[in-house]
1. Starting from region 639-650, take each residue that is modelled with pLDDT under 80 and list its partners that are not in a helix (DSSP H, G or I), counting only C-beta distances under 7 angstrom and pairs at least six apart or across chains.
2. Residues that are modelled with pLDDT of 75 or more and polar (S, T, N, Q): which helices (runs of 4 or more DSSP H) entirely in region 1-71 hold 3 or more of them?
3. Please go through region 309-344 and pick out each residue that is among the aliphatic types (A, V, I, L, M) and part of a helix (DSSP H, G or I).
4. Count, please, the residues in region 131-154 that happen to be over 20 Å from LEU95 (Cα atoms) and without any contact (Cβ under 8 Å) to a residue 60 or more places away in the chain.
5. Out of everything in region 316-332 that is in contact with a strand residue (DSSP E or B) (Cβ under 7 Å, 6 or more places away or on another chain) and under 19 Å from GLU271 (Cα atoms), what residue ends up being surrounded by the most Cβ atoms within 10 Å (Cβ to Cβ)?
6. State whether the residues of region 640-648 include one that is out of contact with any Ser or Thr (no Cβ under 7 Å at 6 or more places or on another chain) and closer than 27 Å to LYS506 by Cα.
7. Among the residues of region 133-149, is there at least one that is closer than 30 Å to ALA180 by Cβ, in contact with a Gly (Cβ under 9 Å, 6 or more places away or on another chain) and not in a loop (DSSP other than H, G, I, E, B)?
8. Just a yes or no: is a residue in region 448-466 touching a Gly at 6+ places or on another chain (Cβ under 8 Å), under 26 Å from VAL396 (Cβ atoms) and not in a loop (DSSP other than H, G, I, E, B)?
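The values are calculated or read from the model by the stated rules, or taken from the named source; none is laboratory data. Since this is a predicted model, take the numbers as computed values, not measurements. Here the Cβ positions follow ideal geometry from the backbone for every residue, glycine too, while neighbour counts run over all protein chains shown.
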Amino acid sequence: MRSRTELCLFATSLLVGLAAVPASAAPRKFEPKACVECHTPFAESLRTKPVVHPGVKDNDCESCHIRHGLVGKLVLKRDGNALCIGCHSKESIGLDQPRVHPALDRSERCTNCHDPHASDGSHLLKAEGAEACYQCHDRKPYEKKVVHAPLTADGCRACHNAHSSAEPALLRQAKGALCASCHATKDKTFVDAHAGYPVERADCATCHDPHSSDLAGLLKTSAHDPVVSASCDACHAAPGSEKPFAVTAEGSELCSTCHDVDGLKEGGDKEHAPFTVGECVSCHDPHAAQQAKLLARPGNALCTDCHADQKKSFAFKHAAVEDGGCVSCHKPHASKNASLLVEAGADGCVSCHADLPALMKAAVPHAPVAAGECASCHDPHGADVKGLLKARTDRVCFECHGDVEIAVAKTAVHQPVLVGDCSSCHVAHGGTEAKLVKKSGSALCADCHGELMKEEPGTVAHMPFEAGECATCHDPHASAHAGIIVSPQEKLCLECHSDLGDAAKKAKSTHRAFSGGECSKCHSPHRAKLPKLALAPEPDLCTNCHAKLGERLGTENAHAPAAGDCSGCHKPHFAPEPRLLNVRQQTLCAECHDVKDAAFSKAHLGIDPGVMNCVKCHDPHASKDPKLFKAEVHAPFAARSCEDCHVLKP
């Protein structure tokens with residue numbers, strides 16, 4: 001809460017500010033401007049149109065728009081169609097029926113068809129007549145050779161309501177009544193055209209296309225011959241009978257009077273179920289259809305009505321199914337082959353996949369391909385995996401190669417195997433290399449590991465690596481050992497370097513990296529710039545593990561050999577002496593230090609060098625002391641007063 005002092009200061013500043021305003025200053029007044037004063041060009045362009053919205057005509061923009069909307073953004077008083085219905089009630093525009101035009105349903109808007117300001121068309125339509133409908137509907141089905149007269153004269157609204165209807169397809173009346181409003185069903189011409197049958201009791205759209213057709217009389221694209229020739233009595237009872245639309249026989253018995261059943265079977269003994277039971281109308285319309293051969297539904301929809309499992313949408317679609325439909329591979333009535341296939345096995349695939357015969361006869365064929373069993377790996381209809389595979393590549397392969405599935409359940413897995421991409425290394429159908437690998441030897445590995453395998457001048461290569469024998473050390477699929485090597489390093493490396501293994505058995509000390517099978521801590525398994533494939537020069541190679549020693553070599557007085565040549569004193573793998581020393585300690589030190597020199601003898605009180613243990617007093621690597629004495633020394637020793645403890649014999 002503000003203090004009284006703050007409030008007093010605020011009041012004082014307010015009074016001072018008011019005092020600064022001239023006494024003569026009058027209150028500001030705003031005079032509203034009409035929208036057209038800014039939007040003049042737009043308004044003028046609208047007034048030239050023959051049909052103008054009343055709000056525009058009366059300059060009453062605010063009947064729809066909010067005056068103080070966001071700058072640059074259209075802000076209406078209400079969203080979507082609710083704005084229009086505020087003035088145009090549903091009853092007044094025929095929007096009160098149960099079936100609503102999709103253009104007005106859900107997220108669609110009145111402005112899909114109408115211009116909200118002005119238009120050249122009646123009712124503010126963006127286009128006149130059928131052209132307004134063609135904004136959404138493809139015009140091709142409505143502009144065939146023979147066009148229904150009302151469509152030409154009055155457009156779609158001759159038969160359809162624009163906004164809603166109680167009838168399907170937004171029809172103005174029920175089908176029969178709608179057609180009878182133009183066609184006199186008792187007229188002789190009409191009666192003769194329909195062979196005297198009382199078709200006014202039937203659905204005209206059974207035989208006729210209500211919009212346009214390439215056939216006379218607006219018959220649908222594919223019309224049954226008796227319909228075309230008005231020979232309805234070929235299938236139905238006489239027009240004057242009690243039941244004129246009754247058929248003279250049931251099911252295929254009726255159809256077989258004209259259609260040769262054996263001819264339709266084409267020698268096939270595996271029959272389509274509807275064909276077997278004589279349900280021809282399961283697939284065919286007996287009068288007329290928009291599809292060839294009187295098919296009742298377009299494309300694959302005819303088949304998926306029964307085979308609902310094939311309605312699934314796939315990420316990868318079989319072109320034969322998409323382009324040619326089910327009949328690209330299946331016979332519609334009967335076949336000599338299972339599943340009504342046109343051809344058995346791979347023979348059906350060859351017609352599109354011309355390279356298949358050669359793959360079936362490859363030097364190294366894939367067994368399912370050689371046997372023509374394409375469907376053992378591929379789904380012939382579609383799949384969610386590339387190549388129409390039934391499942392992820394590895395899952396498909398494991399169906400036959402179950403031993404590999406078990407073998408790859410390891411801790412170190414080759415990346416292609418890990419992601420299930422067997423085809424990274426193997427060809428799926430047939431090839432020239434053993435085990436169907438894409439390339440032989442290291443050429444296959446180079447596809448991914450090309451940078452590693454690139455030759456570098458001045459380097460030393462591991463013999464198997466140089467020879468391209470990657471599989472000597474690595475398993476191509478998976479391993480229980482890091483680097484996907486075929487066995488632990490202590491075993492793998494000694495298979496070639498057996499001399500080291502034999503000699504190590506007699507050694508007194510062994511390098512932990514060697515005994516622990518960590519050869520790659522010191523050596524590169526592939527290529528290096530140093531002899532013996534060393535990863536780094538000494539002492540850096542050693543101080544990678546002996547880090548504390550490395551720090552001391554850099555900050556203290558370093559023993560000259562230790563500063564640059566660890567192998568001058570130590571063996572890298574094993575040694576006949578403790579601490580991996582090359583030779584006995586006294587002998588090793590004597591290689592650099594002249595133990596017979598008088599100064600040496602005096603400094604060491606004449607003690608026999610052969611019995612000395614140099615490292616009891618000296619650090620062999622580094623020390624803060626110039627003489628490399630250890631950090632912790634006995635006080636008399638530090639003072640060089642050996643006689644305090646030792647008896648000096650003459």
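1. CYS642/LEU605
2. Ranges flagged: none.
3. ALA319, ALA320, VAL321, VAL327, ALA338, LEU340
4. Step one: list which residues in region 131-154 are over 20 Å from LEU95 (Cα atoms), which gives 131, 134-135, 137-154.
Applying the additional criterion that residues be without any contact (Cβ under 8 Å) to a residue 60 or more places away in the chain yields 131, 134-135, 137-140, 149-150, 152-154.
Number satisfying all stated conditions: 12.
5. From region 316-332, those in contact with a strand residue (DSSP E or B) (Cβ under 7 Å, 6 or more places away or on another chain) are 316-318, 321, 329-330; that's our starting set.
So of that shortlist, the ones also under 19 Å from GLU271 (Cα atoms) come out as 329-330.
Working: CYS329: 21, HIS330: 17.
Looking at the filtered set, the residue picked out is CYS329.
6. Just the residues of region 640-648 that are out of contact with any Ser or Thr (no Cβ under 7 Å at 6 or more places or on another chain), to begin with: 640-648.
Restricting the remaining residues to those that are closer than 27 Å to LYS506 by Cα gives none.
Scanning region 640-648, I find no residue that is out of contact with any Ser or Thr (no Cβ under 7 Å at 6 or more places or on another chain) and closer than 27 Å to LYS506 by Cα, so the answer is no.
7. Filtering region 133-149 for residues closer than 30 Å to ALA180 by Cβ gives 133-134, 136-149.
If we keep only those that are in contact with a Gly (Cβ under 9 Å, 6 or more places away or on another chain) too, we end up with 133, 146.
Filter once more, so that each one left must be not in a loop (DSSP other than H, G, I, E, B): 133, 146.
Taking every residue of region 133-149 in turn, at least one turns out to be closer than 30 Å to ALA180 by Cβ, in contact with a Gly (Cβ under 9 Å, 6 or more places away or on another chain) and not in a loop (DSSP other than H, G, I, E, B).
8. Pass one, region 448-466, residues touching a Gly at 6+ places or on another chain (Cβ under 8 Å): none.
Scanning region 448-466, I find no residue that is touching a Gly at 6+ places or on another chain (Cβ under 8 Å), under 26 Å from VAL396 (Cβ atoms) and not in a loop (DSSP other than H, G, I, E, B), so the answer is no.
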